[in-house]
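The values are calculated or read from the model by the stated rules, or taken from the named source; none is laboratory data. Keep in mind the model is a prediction, meaning the values are calculated, not measured. Neighbour counts are summed over all protein chains in view; Cβ atoms, including those assigned to glycine, are modelled from backbone coordinates with ideal geometry.
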Amino acid sequence: MKVRAIIRPGLHSVEENTPVKEAASIMSRLRIGAVVVGSAENIQGIVSERDIMNKIVASGLSPDDTTVGQIMTRNIITIDQNQDEDVAMRIMEEKAIRHLPVVDTNGNCVGMLGIRDLMRSVVEQLENENESLSQYIMADGPGG
């Protein structure tokens, strides 16, 4: 399945000067694990739950006084919306990341692919295959 079929439509982003607390609030409200820093046309970075936990909470920094620009991951990896999901899975595994900004053919960010999105897709595919197999077995009976 192509990445574009898995992602939820819409891009959630914040600016570099956004306080971490505000970004965390947005992520919590939207039930998402990461936001793009910048815009669709100019991705400057990404901030994830992990960044907030490791760079703010564990370090004892104030989420009110720290901006996302101070903690964001700058050298982000993106994936083209026309790539297959197995490519995304491989990238996430090799780089130990949970979120990939998804870009179109012009390089504009069109959404975020999370590891949960991939897991959901795989489970749905397995359920569909299981259902098809069950229907085949019931229609033909054992031994065909």
State whether one or more residues within the stretch 72-94 are exposed (fewer than 13 other Cβ atoms within 10 Å of the Cβ), assigned to a helix (DSSP H, G or I) and among the basic types (K, R).
yes
Flagged pairs (Cβ under 7 angstrom, 6 or more apart or on separate chains; first in the stretch 31-51, more than 21 Å from T105 (Cβ to Cβ); second of a type in the set (S, T, N, Q) and surrounded by 15 or more Cβ atoms within 10 Å (Cβ to Cβ)) are G33/S48; A34/S48; V35/S13; V37/S13; V37/Q44; G45/T73; D51/T73
Can you name the condition, by its number, that V103 falls short on among (1) touching a helix residue (DSSP H, G or I) at 6+ places or on another chain (Cβ under 9 Å); (2) within 15 Å of K2 (Cα to Cα)?
(1)
Tell me the residue from T66, T73, T105 that is farther than 25 Å from A23 by Cα and β-branched (V, I, T), please.
T105
Since I76 meets every condition but one in (1) among the hydrophobic types (A, V, I, L, M, F, W, C); (2) under 23 Å from V123 (Cβ atoms); (3) under 14 Å from the mean Cα position of the chain (by Cα), which condition does it not meet?
(2)
Which number in (1) surrounded by 15 or more Cβ atoms within 10 Å (Cβ to Cβ); (2) among the hydrophobic types (A, V, I, L, M, F, W, C); (3) under 16 Å from the mean Cα position of the chain (by Cα); (4) assigned to a loop (DSSP other than H, G, I, E, B) marks the one condition that L61 misses?
(3)
The stretch 25-52, residues that are on the phi > 0 side of the Ramachandran plot and either surrounded by fewer than 17 Cβ atoms within 10 Å (Cβ to Cβ) or β-branched (V, I, T) (or both):
R31
Which condition does L113 not pass, out of (1) of a type in the set (A, V, I, L, M); (2) free of Cβ contacts under 8 Å to residues at least 60 places away in the same chain; (3) touching a helix residue (DSSP H, G or I) at 6+ places or on another chain (Cβ under 7 Å); (4) within 18 Å of S28 (Cα to Cα), if it passes all the others?
(2)
I need a count of the residues in the stretch 22-37 that are over 11 Å from the mean Cα position of the chain (by Cα) and either modelled with pLDDT of 95 or more or assigned to a helix (DSSP H, G or I) (or both).
10
